[in-house]
């Protein structure tokens, strides 16, 4: 496959856009996102798993823009909660929750539980015409009792990756991108583009 000059990211999340931009720019790849299409409708994430949601969004945006499109879905999977919040991570505390709402619900669910093991898992879907590919990244770690740090977003302040003493929200974006679930999935995608 010829390396594309522009890739469409099916997200309006400025954090995700910035993270991806940092790794694509050195390859000479420009990035467009849903922020470039403010009138477009939101693609409902109604699939039963991360892979299904990622593929649905990437297909929709490829059909709409004609550009090679990637989308991801990410879930925090907590061992003591049988993998929850998982595919519902972004709306764990109900419809349109804040990051704090989701984190507070998670911490409440874990009160009294000794097993704090968890993993972030990202699945990226890449759609380029008839080609569809998936790239998965996992970062194991644990959930701590209280929020630490002011960087990152989502559950970052309560997640400490394996081998670290700092939460994702205490690490620099460069450090986090090297070890994070999304960083690992993106690296697999970059390796694919460079082949």
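Each reported figure results from applying straightforward, stated rules to the coordinates on display, with no laboratory input. Here the structure is a predicted model, which means the values were calculated and not measured. For neighbour counting, all protein chains shown are included, and Cβ atoms are generated from backbone atoms with ideal geometry for every residue, glycine included.
Just how many % of Cα pairs in the range 8-70 lie over 21 Å apart, if you round to the nearest whole percent? It works out to 22 percent of all Cα pairs. Once the Cα-Cα distance is subtracted from the 0.36 nm per residue extended length, the residue 105 to residue 131 segment shows a gain of 5.5 nm. Could you state the number of Å between the C-alpha centres of the range 1-46 and the range 65-136? That distance is 19 Å.
Take residue 140, project a point 7 Å from its Cα along the Cβ direction, then tell me which residues of the range 67-108 have their backbone nitrogen under 20 Å from it. Hits in the range 67-108 for residue 140 at 20 Å: 75-86. Distance between the pseudo-spin-label points of residue 174 and residue 13 (7 Å out from Cα toward the beta carbon): 2.4 nm.
With a ≥ b ≥ c the root eigenvalues of the C-alpha gyration tensor of the range 74-117, is it rounded (a/c under 1.5), prolate (a/b larger than b/c) or oblate? Mind showing how you got there, number by number?
Values: a/c = 2.68, a/b = 1.45, b/c = 1.85.
Oblate, because a/c is 1.5 or more while a/b does not exceed b/c.
With angles folded into 0 to 90 degrees, how steeply does helix 50-65 sit against the dominant principal axis of the chain? Use alpha carbons for both and round to 10. Result, in degrees: 30. With a simple spin-label model that places each label point 7 Å from the Cα along the Cα-to-Cβ direction, the separation between residue 79 and residue 49 comes to 2.2 nm. Between the helical axis of 181-194 and the longest alpha-carbon principal axis of the chain there is an angle of about 20 degrees.
Relative contact order of the chain: what whole-number percent is it, with Cα pairs under 8 angstrom and at least 6 residues apart? Each step should come with its number before you reach the end.
On the way: 366 pairs, mean separation 34.7, N = 195.
Computed value for the chain: 18 percent relative contact order.
Give the whole-number value, in cubic angstrom per residue, of the convex hull volume spanned by the C-alpha atoms of the chain.
Taking only Cα atoms, the chain has a hull volume of 115 Å³ per residue.
Give the average over all directions of the projected area of the C-alpha convex hull of the range 102-195, one decimal, in nm². Kindly include the intermediate steps, with their values, before the conclusion.
Numbers: hull surface 29.0 nm².
Average projection, Cα convex hull of the range 102-195: 7.3 nm².
Across all C-alpha atoms in the range 37-78, the radius of gyration and Dmax reach 11.3, 37 Å. Against the chain, whose longest principal axis is taken from its Cα atoms, helix 14-24 shows a tilt of about 60°.
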